[in-house]
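The values are calculated or read from the model by the stated rules, or taken from the named source; none is laboratory data. For clarity, every value in this text was computed on a predicted model and none was experimentally measured. Here the Cβ positions follow ideal geometry from the backbone for every residue, glycine too, while neighbour counts run over all protein chains shown. Ligands, DNA and RNA are stripped out before the accessible areas are found, and what is left, the full protein with its side chains, is counted by its heavy atoms. Shrake-Rupley method; radii C 1.70, N 1.55, O 1.52, S 1.80 Å.
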Amino acid sequence: MPLITDHRPSRQPQPQPQQAPRVKRDPAPSRLQYRLERMWLKPLYRRVVRIGLPAFLIAMIAGLWLSDDDRRASLNEDLTAILQKVQSRKEFQVQMMTVEGASPVVDKALRSMLPVDLPASSFEIDLAALRLQVMQLDAIESIDLRIKPGGILSAVVKERQPAVLWRNARGIEMLDATGHRVASVTSRDVRSDLPLITGEGADLKVDEALALFDAAGPILPRVRGLVRRGERRWDLVLDHGQRIMLPADGAQIALEAAVALDRAQDMLGRDLSVVDLRNPSKPVLRLGIDARNTIREARKQPLLGPDGRIITDENKGG
């Protein structure tokens with residue numbers, strides 16, 4: 001058999017097109033992106049972006065809106081109307097004022113100091129300013145001001161208690177135990193129950209004066225008052241013109257010693273004008289005119305007049 005051959009041409013493989021090499025993307029951020037991310041990590045930058053920028057935009061818009069005079073006037077009127085409407089509500093109204101612990105004079109003074117007539121809104125009453133004004137009254141030591149439910153302005157007052165009368169160049173004033181002025185009086189008879197002190201600087205030593213009045217003890221009914229001498233010591237003035245001169249230091253001890261001596265020997269019951277205790281180790285007694293004249297008469301010496309001067313023939317003739 002003849003060999004049959006296939007004379008068809010064989011197919012040659014077609015060349016494949018070459019693919020371009022794939023370039024890998026760099027995962028690193030760009031320089032700008034890196035800087036932005038670094039800035040975002042800063043708390044200040046985040047606050048500026050989240051808070052500062054919106055606030056600036058709002059303020060700019062509000063400023064542009066309020067730049068118009070008519071808009072500002074309208075806004076002020078609306079806010080004032082709203083404020084007045086809120087303040088005039090019934091729950092904010094003060095209907096009455098109560099005062100506790102005050103005398104009638106102080107009570108009247110307190111009510112006259114109210115900045116508005118009642119009833120009025122509680123927003124119109126500045127309690128702090130009112131308290132400062134009330135504390136200027138000498139008679140008031142402390143005050144508690146508050147607005148209670150029901151529209152009641154409550155004032156609880158503690159008045160100063162007068163302890164002594166102080167006679168000075170301006171008149172007679174009542175002082176409390178600390179030396180603070182309470183009020184003025186026209187005469188000592190108005191408060192005859194209070195002890196009397198006088199002299200410059202006596203108001204600064206009221207505590208010493210009260211201690212001396214306590215030390216006077218049995219002779220207290222005879223005490224007319226205390227006189228401050230040279231702003232450093234006291235003289236205790238008794239009736240019948242007698243005077244006890246006390247030292248600058250240890251005045252209370254010296255007075256107690258004088259009272260004890262009087263109780264033992266009736267020292268102050270004798271004709272003495274001055275008991276000088278300025279030097280407690282060397283007390284000096286100054287006799288009265290009658291006692292001195294008795295001694296001078298026994299010694300056949302000229303007698304003394306009420307002024308302490310020797311009575312002469314010329315004086316007798318005058």
In this structure, the FRET efficiency calculated for Ser273 and Phe123 from their beta-carbon separation, with R0 = 51 Å, to the nearest 0.05, is 0.15
Quote the relative contact order of region 90-159 in percent (integer), defining contacts as alpha-carbon pairs under 8 Å separated by 6+ residues.
45 percent
Expressed in Å to one decimal, the Kirkwood Rh of region 28-174 from all distinct alpha-carbon pairs is 21.4 Å
Need the full-extension length gain, Thr198 to Tyr45, defined as separation in residues times 0.36 nm minus the C-alpha distance. One decimal, nm.
47.6 nm
Excluding same-chain residues fewer than 8 positions from Lys205, which aspartates and glutamates have a Cα within less than 18 Å of its Cα?
Glu173, Asp176, Asp214, Glu231, Asp235, Asp249
Using the beta-carbon distance between Val284 and Ala109 and R0 = 35 Å, what value does 1/(1 + (r/R0)^6) give for FRET efficiency, to the nearest 0.05?
0.10
Can you give me the solvent accessible area of Lys42 with a 1.4 Å probe, rounded to the nearest 10 Å²?
120 Å²
Quick one: check the C-alpha center-to-center distance for region 169-184 versus region 50-66, whole angstrom.
62 Å
Considering the convex hull of the alpha carbon atoms of region 44-127, report its projected area averaged over all viewing directions, in nm², one decimal.
10.4 nm²
Burial order of peptide ranges 190-198, 29-37 (average beta-carbon count within 10 Å, highest first):
190-198, 29-37
Under a 1.4 angstrom probe, counting protein chains only, how are Phe213, Phe56, Phe92 ranked by accessible area, largest first?
Phe56, Phe92, Phe213
Sorting Asp189, Asp235 by accessible area (1.4 Å probe), largest first, what list results?
Asp189, Asp235
Full extension from Asp144 to Arg167: what is 0.36 nm times the residue separation minus their Cα-Cα distance, to one decimal in nm?
5.0 nm
Inter-part gap, Cα centre of region 234-278 to Cα centre of region 95-116, in whole angstrom, is 47 Å
Please tell me the relative contact order of region 162-287 in percent, rounded to the nearest whole number, where contacts are Cα pairs under 8 Å and at least six residues apart.
16 percent
Principal axes first, then extents: for the Cα atoms of region 90-159, list largest minus smallest coordinate on each axis, whole Å, largest first.
35, 19, 17
So what's region 162-287 giving for Cα Rg divided by 2.2 N^0.38 Å, two decimals?
1.04
How many Å² of accessible area per residue for region 162-287, probe 1.4 Å?
53 Å²
Note down the nm distance, to one decimal, between modelled labels 7 Å out along Cα→Cβ at Arg263 and at Thr178.
3.4 nm
When all protein chains stay in place, what accessible area (Å², nearest 10, 1.4 Å probe) is found for Asp249?
130 Å²
Over the Cα atoms of region 109-214, what is the Rg over Rh ratio if Rh follows Kirkwood?
1.12
For region 228-279, shape from the Cα gyration tensor axes a ≥ b ≥ c, cut at a/c of 1.5 then a/b versus b/c, turns out oblate
Projecting the Cα atoms of Leu238, Leu212, Ala260 onto the charge dipole of region 162-287, where Lys and Arg contribute +1 and Asp and Glu -1 at Cβ, the residue farthest towards the positive end is Leu238
What full-extension length gain, to one decimal in nm, is calculated for Leu303 and Leu75 as 0.36 nm per residue of separation minus the Cα-Cα distance?
72.2 nm
